[in-house]
Amino acid sequence: MASEKPGPGGKGSGFQELADHIRLSTASTAPARIVLQSTCGCRGAVFHLEADPREGCARRTCPECGAAAYLADSEDSWRAAEPEAWRCACGCDVCEVAVGFSLGEDDEVSRITVGQRCVRCGRLDCAAAWPVDGPSSDRLFEKT
């Protein structure tokens, strides 16, 4: 599965800046029309993040309750993946996470982009991006 890792792009202080970063990072290839913030069942909004941009998958783990969740269709690729734990250049290992969804002409998800914002220094980046095969928008939106 071909994927790419969009580069870093500045700093932000909250979800809106992270969503804007994902939209800007995808604008020239497959614009993310929908960006959703990751939240845990315990209402946590910061996570440890693991991603494999080559296989196209990511998983977040809540530091508050320990719950782990695959993002979008990541569970499908996880077994073949070699995920790396995200760590910011400042040394922090917790981040705010958002998932961007690019839509095809049929309004089905065609591409997923996972972005993160360091909660210590605000650095914005995208951990992974990958294409989506087949119609599945509803289930993908639920897995952020």
For this session: Filter the stretch 1-23 down to residues that are surrounded by 13 or more Cβ atoms within 10 Å (Cβ to Cβ) and aliphatic (A, V, I, L, M) and give me whichever is modelled with the lowest pLDDT.
Result: MET1
Seminar exercise, completed: The strands (runs of 3 or more DSSP E) lying wholly within the stretch 66-144 that contain at least 2 residues that are modelled with pLDDT of 95 or more and farther than 27 Å from SER28 by Cβ are 68-70
For this session: Report, by residue number, each residue of the stretch 37-51 that is assigned to a strand (DSSP E or B) and either modelled with pLDDT under 95 or surrounded by 19 or more Cβ atoms within 10 Å (Cβ to Cβ) (or both).
Result: PHE47, LEU49, GLU50, ALA51
Exercise. Taking only pairs six or more apart or across chains, which ones have beta-carbon atoms under 7 Å, a first residue in the stretch 33-58 that is on the phi > 0 side of the Ramachandran plot, and a second residue that is buried (at least 20 other Cβ atoms within 10 Å of the Cβ)?
Worked result: GLY56/ALA128; GLY56/TRP130
Exercise. Can ALA69 be described as of a type outside the set (Phe, Trp, Tyr) and over 14 Å from the mean Cα position of the chain (by Cα)?
Worked result: no
Problem set entry | Residues that are among the charged types (D, E, K, R) and surrounded by 19 or more Cβ atoms within 10 Å (Cβ to Cβ), drawn from the stretch 52-106 | ASP52, GLU55, ARG59, ARG60, ASP73, GLU96
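The values are calculated or read from the model by the stated rules, or taken from the named source; none is laboratory data. Being a predicted model, the structure only gives us computed values, none of them experimental. FYI the Cβ positions are ideal-geometry reconstructions off the backbone, even for glycines, and counts take in every protein chain you see.
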